[in-house]
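Notes to accompany the following structure.
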Amino acid sequence: MRTIAITVNGISREVTIEENELLLNVLRDKLGVTSVKAACWRGECGLCTVLLNGLPVKSCMTLAVEAEGKEVVTAEGLYTDERARKLQESFVEHGAMQCGFCTPAFVVTSHYVLSKNPEIDGDDLKKELSGVICRCGTYYQIYDAVMDARKHYRDKNI
Ligand code: FES
Ligand code: FES
């Protein structure tokens with residue numbers, strides 16, 4: 001066991017972990033960050049995606065100890081970003097969810113993608129989001145929501 005310092009959604013936290021404990025388990029079970037979902041536990045579904053120092057990682061494939069001293073952002077933490085709020089509103093406007101189980105991972109991944117390239121085209125967007133699986137099949141509504149939200153990431157005033 002060891003105690004690590006980690007920043008989660010802008011808040012400094014200290015948490016005691018096992019050396020081999022997954023970031024996914026620590027976020028959900030020890031820090032109460034329940035937007036992070038899991039289905040496969042082996043890096044295939046992408047539902048456990050979080051941003052680690054700004055880059056998307058699958059938290060079921062990441063040891064918690066790897067996050068020591070780093071910043072984790074999940075869907076809960078995006079509320080401070082006006083662009084990400086608009087992105088989430090776009091998901092609602094486009095009906096881009098059925099059960100919603102995949103939504104946090106799509107929002108986090110899309111936020112990363114649009115931050116990197118707000119001019120992205122539809123084909124590249126599909127490639128960028130291909131690491132997250134929606135079992136309800138709402139892909140086209142998700143693509144529409146994200147494409148529509150590009151304008152907010154181009155807008156330097158928000
Ligand atoms: S639970 Fe992590 S990729 Fe599926
Ligand atoms: S909306 Fe159900 S998994 Fe995507």
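Each value in this text was obtained by applying a stated rule to the coordinates, not by laboratory testing. Quantities reported herein were computed from a predicted structural model and do not represent experimental measurements. Backbone-built Cβ (ideal geometry, glycine too); neighbour counts: all protein chains shown.
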In the stretch 103-158, anything crowded, with 22+ Cβ neighbours inside 10 Å, small (G, A, S) and closer than 20 Å to G54 by Cβ is listed as A105, S110, A149
By residue number, the members of the stretch 1-30 that are among the aliphatic types (A, V, I, L, M) and surrounded by 14 or more Cβ atoms within 10 Å (Cβ to Cβ) are I4, I6, V8, V15, I17, L22, L23, L24, V26, L27
Checked E18, E71, E66 against criteria (acidic (D, E) and within 16 Å of ligand 1 (Cβ to nearest atom)); the one match is E66
V33 fails exactly one of (1) among the β-branched types (V, I, T); (2) more than 28 Å from K127 (Cβ to Cβ); (3) surrounded by 21 or more Cβ atoms within 10 Å (Cβ to Cβ), namely (2)
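Can you tell me which residues in the stretch 78-88 are surrounded by 14 or more Cβ atoms within 10 Å (Cβ to Cβ) and either among the aliphatic types (A, V, I, L, M) or over 20 Å from V8 (Cβ atoms) (or both)? Talk me through it step by step, then tell me what you get.
Filtering the stretch 78-88 for residues surrounded by 14 or more Cβ atoms within 10 Å (Cβ to Cβ) gives 78, 81, 83-88.
Within the stretch 78-88, L78, R83, A84, K86, L87 meet the criteria.
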When A39 is run through (1) in a loop (DSSP other than H, G, I, E, B); (2) within 16 Å of ligand 1 (Cβ to nearest atom); (3) crowded, with 17+ Cβ neighbours inside 10 Å; (4) among the aliphatic types (A, V, I, L, M), the failure sits at (3)
The lone condition A75 fails out of (1) touching a strand residue (DSSP E or B) at 6+ places or on another chain (Cβ under 8 Å); (2) under 30 Å from M1 (Cα atoms) is (1)
Taking the stretch 38-47 and keeping only residues that are within 13 Å of ligand 2 (Cβ to nearest atom) and either closer than 22 Å to S12 by Cα or without any contact (Cβ under 8 Å) to a residue 60 or more places away in the chain (or both), one is left with A38, C40
Picked from the stretch 51-110 (must be part of a helix (DSSP H, G or I) and among the acidic types (D, E)), the residue farthest from ligand 2 (Cβ to nearest atom) is E66
